[in-house]
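Enquirer: Sharing a structure here in structure tokens format.
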Amino acid sequence: MDCYTILKKEWDRWVGNIHNLLVYTIILLLPRPYEKCMCRKHYLNWYYNTNTEGDSPSKIRLEKFAQRGEPPHRNFPQNLKSKIQNRDMANKTLGLSTQLYDYLLSVSLREPEILTKLRQETAQLPMGKMQIAPEQGQFMALLVQLMAAKKTLEIGVFTGYSTLVVALALPKDGKIVACDVSEEYTAIARRYWQQADVDHKIDLQIAPALETLDGLITAGSSDSFDFAFIDADKSNYDGYYERALQLVRPGGLIAIDNVLWSGQVADPQVKDNRTEKIRALNQKLHNDQRINLSLVPIADGLTLAVKHP
């Protein structure tokens, strides 16, 4: 190898190091860097706040990195790594001290063993914080029982905790149409549904939820569901709401999760895509005369919308 080649390789290496240093510096200066871009090798644009439905390639890559316990680049800042893995949603009620939250659970939660096992298994997953809080699940089950609901809709299943808690509250002839795109996570859900002997109540549709909902409307299922629960990708929340409103009967109930979004909806400095979508939907629902409305500050915020006759 001649001197020119050696010098060129060294020069390229130093230029590459300076380039990476500049990229990392820019990332650290961004107000919410982990949602703007990440580094892998030199860098790649990482659109986590996607406008597409379901598990985009970026979400799938994120989960793979989280499962390995590493960020997208071995030199990626550790403080950003923890933010990526923890995500921005709460799976227990916001604003309560640990002592008060533990007390709340101790005097109110009646969680069947099968639900406890599912919740504990899900908590070990990299994306475990996507799971709803147990007190929220119990509240939803109570609502379903109060309504004497028989036909329900779920948009976003994950590992199936919310589906299972509703299925257990439904009568023997109750039915749930459950929408998700992940075979991996819903495989966990199916296992627990079978153990709880409620799998016959659940019609799991593995497809983009908007397609499934449009198919139900086309098939003549409008005004036929008693209850709908929305807990999927935030970019499509408005589309899910509009279709759920067509599908639930007059007097039917729509429950929408994560509407307080760990308090970020109230912070004017937070302007990422998901937060803005939730803010917009919250404002729209406040002004929507087609429904009666209540936003309940349980878990990460649960909007309840009853369809007018």
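The values are calculated or read from the model by the stated rules, or taken from the named source; none is laboratory data. Owing to the predicted nature of the structure, the values given are computational and were not obtained by experimental measurement. So basically every Cβ, Gly included, is an ideal-geometry build from the backbone, and we count neighbours across all protein chains shown. Protein only, heavy atoms only, side chains kept; ligands, DNA and RNA dropped before computing areas. Shrake-Rupley method; radii C 1.70, N 1.55, O 1.52, S 1.80 Å.
Enquirer: Can you pull the accessible area of Ile206 for me, 1.4 Å probe, Å² to the nearest 10?
Expert: Surface open to solvent at Ile206 totals about 60 Å².
Enquirer: Also, I was wondering about something else. Name the long-range amide H neighbours of Ala178: under 5 Å, sequence gap of 5 or more, or other chain; modelled H, no Pro or chain starts.
Expert: So Ala178 has HN proximity to Glu154, Asp203, Leu204, Gln205.
Enquirer: Also: Based on the alpha-carbon gyration tensor of region 183-291, what equivalent-ellipsoid semi-axes (square roots of 5 times the eigenvalues) come out, in whole Å, largest first? Walk me through the numbers before you get to the answer.
Expert: On the way: eigenvalues 143, 78, 32 Å².
Gyration-tensor ellipsoid for region 183-291: 27, 20, 13 Å.
Enquirer: Still on this model: If amide H atoms are built 1.01 Å from N in the plane of the peptide, which residues on other chains or at least 5 residues away come under 5 Å of the amide H of Lys150?
Expert: Residues meeting the criterion, in which the H sits 1.01 Å from N, are Asp226.
Enquirer: Still on this model: Could you pull out the pairs from Lys117/Lys201; Lys172/Lys307; Lys277/Lys307; Lys92/Lys172; Lys172/Lys277; Lys129/Lys307 whose alpha carbons sit more than 32 Å apart here?
Expert: On the way: Lys117/Lys201 20 Å; Lys172/Lys307 25 Å; Lys277/Lys307 22 Å; Lys92/Lys172 30 Å; Lys172/Lys277 37 Å; Lys129/Lys307 30 Å.
Over 32 Å Cα-Cα: Lys172/Lys277.
Enquirer: Where does each of Ser106, Ser162, Ser262 land when they are ordered by accessible area, with a 1.4 Å probe and the largest first?
Expert: Sorted by accessible area, descending: Ser106, Ser262, Ser162.
Enquirer: Just read off the accessible area of Met147 with the full protein assembly in place, 1.4 Å probe, to the nearest 10 Å².
Expert: The value for Met147 is about 50 Å².
Enquirer: From the protein chains alone at 1.4 Å, what is the descending order of accessible area for His200, His308, largest first? Mind showing how you got there, number by number?
Expert: Values: His200 95, His308 65 Å².
Highest to lowest solvent-accessible surface, that is His200, His308.
Enquirer: Sticking with this one: If DNA, RNA and ligands are ignored and the probe is 1.4 Å, what is the ranking of Val270, Val306 by accessible area, most exposed first? Don't jump to the answer; show the numbers that get you there.
Expert: Details: Val270 10, Val306 50 Å².
So, going from the largest accessible area down, we get Val306, Val270.
Enquirer: Another question, if that's okay. When Lys and Arg each count +1 and Asp and Glu each count -1, what net charge do the other residues less than 9 Å away from Ser162, Cβ to Cβ, add up to?
Expert: On the way: positive: none; negative: Glu154, Asp231, Asp257.
So the surrounding residues net to -3.
Enquirer: Next up: Please report, in whole Å, how far the alpha carbons of region 98-307 spread along each principal axis, starting with the longest.
Expert: The principal-axis extents, from largest down, are 47, 42, 33 Å.
Enquirer: Karplus couplings for region 286-295 from phi (6.51 cos²θ - 1.76 cosθ + 1.60, θ = phi - 60°), rounded to Hz, Gly and Pro as x?
Expert: Going residue by residue, I get 4, 9, 7, 7, 7, 9, 9, 10, 8, 9 Hz, with x marking Gly and Pro.
Enquirer: While we're here: Please list 3J(HN,Hα) in residue order for region 168-185, calculated via the Karplus relation 6.51 cos²θ - 1.76 cosθ + 1.60 where θ = phi - 60°; whole Hz, with x for glycine and proline.
Expert: Per residue, the Karplus-derived 3J(HN,Hα) values read 5, 7, 7, x, 4, 9, x, 9, 10, 9, 10, 10, 7, 10, 9, 5, 5, 6 Hz.
Enquirer: Within 15 Å, Cβ to Cβ, of Val296, how many net charges do the neighbouring residues add up to if Lys/Arg are +1 and Asp/Glu are -1?
Expert: Numbers: positive: Lys92; negative: Glu135, Asp231, Asp257, Asp300.
Here the count lands on -3.
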